[in-house]
Every structure is written in C-alpha cells, then in structure tokens.
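Below: the structure, in structure tokens.
Laboratory data are not the source of any read-out in this text; all were calculated from the coordinates shown. Quick caveat, the model's predicted, so the values are computed rather than measured. So basically every Cβ, Gly included, is an ideal-geometry build from the backbone, and we count neighbours across all protein chains shown.
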Amino acid sequence: MKIAIIGYGKMGKAIEAIAVDRGHQIVFKTNDPNFSKEEVSLADVAIEFTTPDSAVGNIKTCADAGVPVVVGTTAWYDSFDETAQYIRDNKGGLFTATNFSIGVNLFFKLNALAAQLIDGYSEYEPSIDEIHHLQKLDAPSGTAITTAETLLTNLSRKNNWVHHENGIGTISNDVELSVNSFREENVPGTHTVKYSSDIDTIEIKHTAHNRKGFATGAVVAAEWMVGKTGIYTMRDLLNL
C-alpha cells in the first residue's frame, strides 16, 4: 500500500515507522498545508495529523485527488457537515476519529454501558478528567469530548458538558457534566471517568503509554480505507 502522510511531526513519524514495519511504502510526506492534489495522488490512501486550521483544506485536497483520507486531527468538527458534504459530492473517502487507539474505543464502549447502569443512581455524580502533554493544541481533547458525548447519550439526568482548565471550576446545576483538562510534561494521554458519591467512587480509566497505539490504529484504518468512498469511523472498523 502506498501512503501519503500529511503532517510529519511526532505522530507522522510514528505512523511512518508502523506503516513501514507493516510492509507499506510512504510515497509522500509533508508539513506544507498547500500541497497539491497531484502530490497526494501518488498514494492509495492519505493519513492526516495536522492542525484544526489545516484539516478541512487537506481533506478537500485529498478528495479532489481521489485519495481516501484518514484524519486524526481534532477540533475541526464545527466544519464537519460542510466537509462531509464535499466528500459525498466528490465521491471521496473520509475516515475520522477523535482517537485511533483500539483501547480507547473499547473505553468508549465501556463508558456507554457503565453510564446506562449508573443512570438510575443519582447519588453518583459523573465527571471526566483528561491529561495531555504541554504541546496539545486543543482542550478538552477530542477523546474527552467523545467521552462526554457518550455519557450525555446514556445519562438521562445530564444534558450538556462544561469545560474546566486545570480542574478549576464547578458545575452550576445538576444537568451539567464537568470535563476537566490538565496539561503536564510528557503525557501521551490519560482519560478518567469518575462516578463519585459520599460513600465511594467508581472510576474507568484509559492511560496511553506512548503514541504507538494511536499510530497503529491510524495505519489499520488506512489499510481498511483503500478503495472505499463514503464516511467512516472506528465504530465501522471495529464493529462496535
């Protein structure tokens, strides 16, 4: 498989190492948001990990080139509907996820089930903590947002989430869900869902030890996307 890597930073280099180890060829890699469709068209599939400001344009260029793209950039989802329509109109392929780690996606599923079980026990107050490295651009993380949206779908007593940087802040009413972001040196990503009561606390936690899980998931998604058109997520890949 021939792969284009759009965004050749730490994640891009981790993806390259995994892809080459799995027998694939990197035919194009760039940090330039003005790359051409001719350059990316050398590939069977593109993997995109850049910045929120660049992601939409990169996705559209891949669609123009007829190359399906796997997107790991987060915080661009305000433009998702318009971008998705562009993909459909141009018969492109888009695979998007807030986190490509298989473990994290199992974490999402566990949280959905746990929220359903705990929903009837109002004495347990839910909250979400996320910790990432200092270079993380968005807060809360895309993974934390997906976790929050999962809880809101399965907790009838909560209807919106509120963000607190460094855990500073409180919810103003019973229907709010607290999402707390912390930034520390050399933390790939830790996400914890807590259900706290006066007598005990239940926690579901995912801790990433390095970028390998994210990179491997992105390459597996790229392998799965070759030749496909349409819009997909990790739920499609993992049948969750």
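Remarks
- Lys, Arg +1 and Asp, Glu -1 on Cβ, resulting dipole of segment 1-56 about Cα centre, debye, nearest 20: 180 debye
- About the centre of its Cα atoms, the chain shows a dipole size close to 820 debye [charges on the beta carbon of Lys, Arg (+1) and Asp, Glu (-1) only; nearest 20 debye].
- Dipole of the chain, positive end: most advanced residue of Leu94, Asn31, Val45 [Cβ charges, Cα centre]: Val45
- Rounded FRET efficiency, nearest 0.05, which uses the C-beta distance separating Ala17 from Asn160 and R0 of 51 Å: 0.80
- Placing dummy labels 7 Å off each Cα toward the beta-carbon, the span from Thr170 to Asp236 is 4.5 nm.
- Label separation (Lys37 vs Thr51): 2.5 nm, computed from points 7 Å beyond Cα along the C-beta direction.
- His133-Gln85 pseudo-label distance in nm [points 7 Å out on the Cα-to-Cβ vector]: 3.7 nm
- Per residue, the average separation of C-alpha pairs within less than 8 Å and at least 6 apart gives segment 102-208 a relative contact order of 35 percent.
- Percent of beta bridges antiparallel (DSSP, segment 135-240, rounded to nearest 5): 55 percent
- CD proxy at 222 nm, helix term only [per DSSP H run n ≥ 4: -39500 (n - 2.57); per residue of the chain; nearest 500]: -11500 deg cm²/dmol
- Most mobile of Ile15, Ile145, Ile204 in a GNM of the chain (Cα contacts under 10 Å): Ile204
- Kirkwood Rh, angstrom, segment 102-208 [1 / mean 1/r, Cα pairs]: 13.9 Å
- Taking the DSSP bridge list for the chain and keeping only pairs wholly inside it, about 35 percent are antiparallel.
- Taking only the C-alpha atoms of segment 37-127, the Rg (one decimal) and the largest Cα-Cα distance, Dmax (whole number), read 17.4, 58 Å.
- Förster radius 45 Å - calculated FRET efficiency between Asp119 and Gln25, Cβ distance, rounded to 0.05: 0.40
- About its Cα centre, the dipole of segment 24-152 is roughly 440 debye, where the only charges are +1 on Lys and Arg Cβ and -1 on Asp and Glu Cβ.
- Cβ-Cβ FRET estimate between Asp198 and Lys109, R0 fixed at 35 Å, reported to 0.05: 0.75
- All C-alpha pair distances within the chain, sorted into 5 Å bins from zero, spread as 1, 7, 14, 17, 18, 15, 12, 8, 5, 3, 1, 0, 0 percent across the bins.
- Candidates His191, Ser122, Ala222 compared by Cα position along the dipole of the chain: farthest toward the positive end lies Ala222, with charges placed on Cβ.
- Of all lysines in the structure, those lying under 28 Å Cα to Cα from Lys158, and not within fewer than 8 positions of it along the same chain, are Lys109, Lys136, Lys194, Lys205.
- The value for segment 194-238 of Rg(Cα) / (2.2 N^0.38 Å) is 1.82.
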